[in-house]
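Have a look at the structure below, then the notes.
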Amino acid sequence: MNTLLLALIRALRSHDWLRFLGFAYILSSLGNGLTQVIVFGQLLNWQASPAILTIVYMLSMLPSFLGSILGEALCKKVSPLRILIFTELLGLLALVFPLYGLLHHNVPALLAVQCAEALFSGMSYPALALLFKRGLAHDELPAATAMETIIFASQVLLGTGLGVLLFDLISPLNLLAIDAVSFVASTALLLTSASVFQAMELQPEKAVPDTHKLFWRCLSPLQKRSVMLLPALAAVGSPAMALLPALAQEIRPEESAGLALPLLFARSLGQLCGPLMLDAGKLQRYSANNWLLLLCLGIHIGNYFLIPLSAGLPYAGLVMIFSAHMGSNIVFALGTFGVLKNFAETQVAKASALTWRGQVLTAAISTGITSVIAQKLGAFTALYSISLFSLVGVGVLLWLNRTPRTN
């Protein structure tokens, strides 16, 4: 079977710039994961209040809304690789905030780096989509989906994992130094990728102007579905992801800290493995299949619903989390592929930015409502009510924007 993993391997063999880009963003994900560990680890060591921890979570998400607007505007004037290099340099400079926070016991400085990193992530997302659209042939777009999947999963698998292992062994300042080195190396690799890209004349000197206005009412049903898939995934999946630490606490209160990290790793492995096993030649057909999409989302929340039954089984919970996120990230892969496949080069940056903003807003609203219900009725009640309501809503939206099945 022609899986996404094989499609990515073929593309990496064909494009030097893609190899440098992939390695750069794996290192960048490593740095972002280390930053998360430094911030949360120090706040926990300083016994920060739950309100502060909630603010940290929101700041790691909401500023990316503004970042996507800025990134979309820059894509009209600047080449996407320059935008990616710019955001990596800004990420390196933003490490001044945690450095100041660690040296002066300053909580707002730690919050500031979360805000900055989220802003830069939002800026890079439309630029990355535009770069894939320009640099890859039409039949190579599944490789871009596989690359985004690996980047998405690397932050926890590499950055958070390494950070947690080293946090009690070396000082936070040394962790921050490793973080800075990862950003420097990522920037150097992106500069190399840019030079190779230009030498092969894959990228024009000037960005292509956005001559096509992108309004919702002008989109085809297929384009609307492509834009809606990631916000739909956020609506169904965000409550479960936000409640993962609380679920671990309710399953095994005495071992919640030790259980949370394995659950996070199981989640990221599922996010990585699910999409990479898809048949690259059938992505368009999969994305048009409402039943498949709802089945994947149903598998996601269904496994979370079964977690209470795993209290006495040491590995059952890990298997359930792994299976849940295999299903959810199949939807993620189909959503990212749909945007690249169904929008022209002049529209893809705007479409991806629109998708990103929809995902951020949906996740913020869904998570906020879930948190309120969880405080009053418990984590599992919140999970059941919000996830089921969201799944029904997503099913209605997909049915209203259904398309003929593609062979």
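The values are calculated or read from the model by the stated rules, or taken from the named source; none is laboratory data. In this text the structure is predicted, and so the values were computed from the model without any measurement. As a convention, Cβ positions derive from the backbone with ideal geometry for all residues, glycine included, and neighbour counts pool all protein chains shown. These accessible areas exclude ligands, DNA and RNA; they are computed on the full protein's heavy atoms, side chains included. Shrake-Rupley method; radii C 1.70, N 1.55, O 1.52, S 1.80 Å.
Couple of notes before you dig in:
- Selection within segment 162-187 - farther than 16 Å from Y100 by Cα, open to solvent by 50 Å² or more (accessible area, probe 1.4 Å) and in a helix (DSSP H, G or I): L162, V164, L165, I178, V181, V184
- Here Q223 clears all of (1) at pLDDT 80 or above; (2) surrounded by fewer than 17 Cβ atoms within 10 Å (Cβ to Cβ); (3) farther than 30 Å from D16 by Cα except the condition numbered (2).
- When L110 is tested against (1) closer than 16 Å to V37 by Cβ; (2) among the aliphatic types (A, V, I, L, M); (3) open to solvent by 50 Å² or more (accessible area, probe 1.4 Å), exactly one condition is not met: (3).
- Subset of segment 263-296 that is more than 15 Å from the chain's Cα centre (by Cα) and hydroxyl-bearing (S, T, Y) - its residue that is most open to solvent (accessible area, probe 1.4 Å): Y286
- Unmet requirement for W291, which otherwise passes all of (1) in contact with a helix residue (DSSP H, G or I) (Cβ under 7 Å, 6 or more places away or on another chain); (2) at pLDDT 85 or above: (1)
- Any chance L340 is in a helix (DSSP H, G or I) and either basic (K, R) or modelled with pLDDT of 90 or more (or both): yes
- Residues of segment 89-107 satisfying the condition of being in a helix (DSSP H, G or I) and open to solvent by 10 Å² or more (accessible area, probe 1.4 Å): L89, L90, L92, L93, V96, F97, L99, Y100, L102, L103, H104, V107
- Residues of segment 69-98 that are free of Cβ contacts under 8 Å to residues at least 60 places away in the same chain and touching a Phe, Trp or Tyr at 6+ places or on another chain (Cβ under 7 Å): T87, L90.
- Residue within segment 65-74 that is among the charged types (D, E, K, R), in contact with a Lys or Arg (Cβ under 8 Å, 6 or more places away or on another chain) and either on the phi > 0 side of the Ramachandran plot or open to solvent by less than 50 Å² (accessible area, probe 1.4 Å) (or both) present: yes
- Selection count where residues are buried (at least 16 other Cβ atoms within 10 Å of the Cβ), closer than 30 Å to L70 by Cβ and of a type outside the set (S, T, Y), scope segment 362-379: 3
- Qualifying residue in segment 346-354 (condition: hydroxyl-bearing (S, T, Y), open to solvent by 20 Å² or more (accessible area, probe 1.4 Å) and in contact (Cβ under 8 Å) with a residue 40 or more places away in the chain): yes
- Hey, A382 modelled with pLDDT of 90 or more, part of a helix (DSSP H, G or I) and crowded, with 22+ Cβ neighbours inside 10 Å or not: no
- For segment 215-242, residues that are without any contact (Cβ under 8 Å) to a residue 60 or more places away in the chain and more than 21 Å from the chain's Cα centre (by Cα) total 5.
- Pairs meeting the criteria (first residue in segment 1-28 and among the aliphatic types (A, V, I, L, M), second residue open to solvent by 70 Å² or more (accessible area, probe 1.4 Å), beta carbons under 6 Å, at least 6 apart or on different chains) are L12/R19.
- Any chance M326 is free of Cβ contacts under 8 Å to residues at least 40 places away in the same chain and part of a helix (DSSP H, G or I): no
- The residues of segment 12-21 that are touching a helix residue (DSSP H, G or I) at 6+ places or on another chain (Cβ under 6 Å) and surrounded by fewer than 24 Cβ atoms within 10 Å (Cβ to Cβ), listed by number, are L12, D16, W17, R19, F20.
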